[in-house]
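Here the structure is laid out as structure tokens; the discussion comes afterwards.
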Amino acid sequence: MAETKVVNIVASASIGVTLDLNEISEKFAEAEYDKNRFPGLIYRMKKPKVAILLFTSGKLVCTGAKSIEQTKEAINIILERIKALFAEKHPDELGDIPKDVPVEIQNIVATGDLNTILNLNKAAVYLSFEKVEYEPEQFPGLVYRLDEPKVVALLFGSGKVVCTGAKNTKDINIAVDIIIDELKGIGLI
């Protein structure tokens, strides 16, 4: 099995209360908000190094984490900051903010190395035609869409692989194992 490394996790959650993004942007120095450019507030954290998008609806998106633990840590940090702001400005609504919010993983991106040079032309011919896109004039990688787990892999001639679309790290490992088996089956590894 090729070793993979998670490079980005995108997760979402909902605080369950309406947020005043103007007020938050005034109070949080790390926040950027320009509703004419983007409808959400961008909150960049240094530790963990992530960006959180906050929306008026109370929904949030966390991106940039390298682990699910970092994602949950970042969401808990912003939740505590919002609670502190509510305690100061809206103490009567503080009870509406949950202590903990469910976090839903939307996408995990991981990279890996198959430790071999790949002949992508041969791979494009012998792998399942319905699952492969390869147009080297447009993009140097072969796009391989797995049905189960539902993961998209980008294979490069260098042997590097990028997997995206997974909801958990187990699916990344399963997808890479499947790809390795299929490449072995056609004599490319």
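Conditions first: (1) of a type in the set (D, E, K, R); (2) open to solvent by less than 70 Å² (accessible area, probe 1.4 Å); (3) touching a helix residue (DSSP H, G or I) at 6+ places or on another chain (Cβ under 7 Å). Residue 34 passes all but one, so which condition is the exception?
So the condition that residue 34 fails would be (3).
If a residue has to be surrounded by 14 or more Cβ atoms within 10 Å (Cβ to Cβ) and either more than 20 Å from residue 99 (Cα to Cα) or not aliphatic (A, V, I, L, M) (or both) to count, how many in region 9-19 make the cut?
4
Considering 80, 148, which residue is at pLDDT below 95 and in a helix (DSSP H, G or I)?
From the options 80, 148, the qualifying one is 80.
Any residue in region 158-185 that is open to solvent by less than 10 Å² (accessible area, probe 1.4 Å) sitting within a Cβ distance under 9 Å of a residue that is acidic (Asp, Glu) and assigned to a helix (DSSP H, G or I)? List the pairs, counting only those 6 or more apart or interchain.
163/171
If a residue has to be of a type in the set (Ser, Thr, Tyr) and either more than 16 Å from residue 121 (Cα to Cα) or under 16 Å from the mean Cα position of the chain (by Cα) (or both) to count, how many in region 138-189 make the cut?
Matching residues across region 138-189 total 2.
Within region 113-130, is there a residue that is out of contact with any helix residue (DSSP H, G or I) (no Cβ under 9 Å at 6 or more places or on another chain), open to solvent by less than 50 Å² (accessible area, probe 1.4 Å) and closer than 13 Å to residue 4 by Cα?
Yes; the residues of region 113-130 include at least one that is out of contact with any helix residue (DSSP H, G or I) (no Cβ under 9 Å at 6 or more places or on another chain), open to solvent by less than 50 Å² (accessible area, probe 1.4 Å) and closer than 13 Å to residue 4 by Cα.
Scan 67, 57 and give me the residue that is touching a residue at least 60 places away in the same chain (Cβ under 8 Å), exposed (fewer than 15 other Cβ atoms within 10 Å of the Cβ) and not basic (Lys, Arg).
Selected residue: 67, the only one of 67, 57 that is touching a residue at least 60 places away in the same chain (Cβ under 8 Å), exposed (fewer than 15 other Cβ atoms within 10 Å of the Cβ) and not basic (Lys, Arg).
Pairs needed: first member in region 84-112, under 22 Å from residue 4 (Cβ atoms) and at pLDDT 85 or above; second member anywhere, among the charged types (D, E, K, R) and part of a helix (DSSP H, G or I); C-beta distance under 9 Å; at least 6 residues apart or different chains.
103/72; 108/171
The values are calculated or read from the model by the stated rules, or taken from the named source; none is laboratory data. Bear in mind the structure is a predicted one, so any value in this text is a computation, not a measurement. Glycine also receives a Cβ, built like all others from the backbone with ideal geometry; neighbour counts cover every protein chain displayed. With ligands, DNA and RNA removed, areas are computed over all heavy atoms of the protein, side chains included. Shrake-Rupley method; radii C 1.70, N 1.55, O 1.52, S 1.80 Å.
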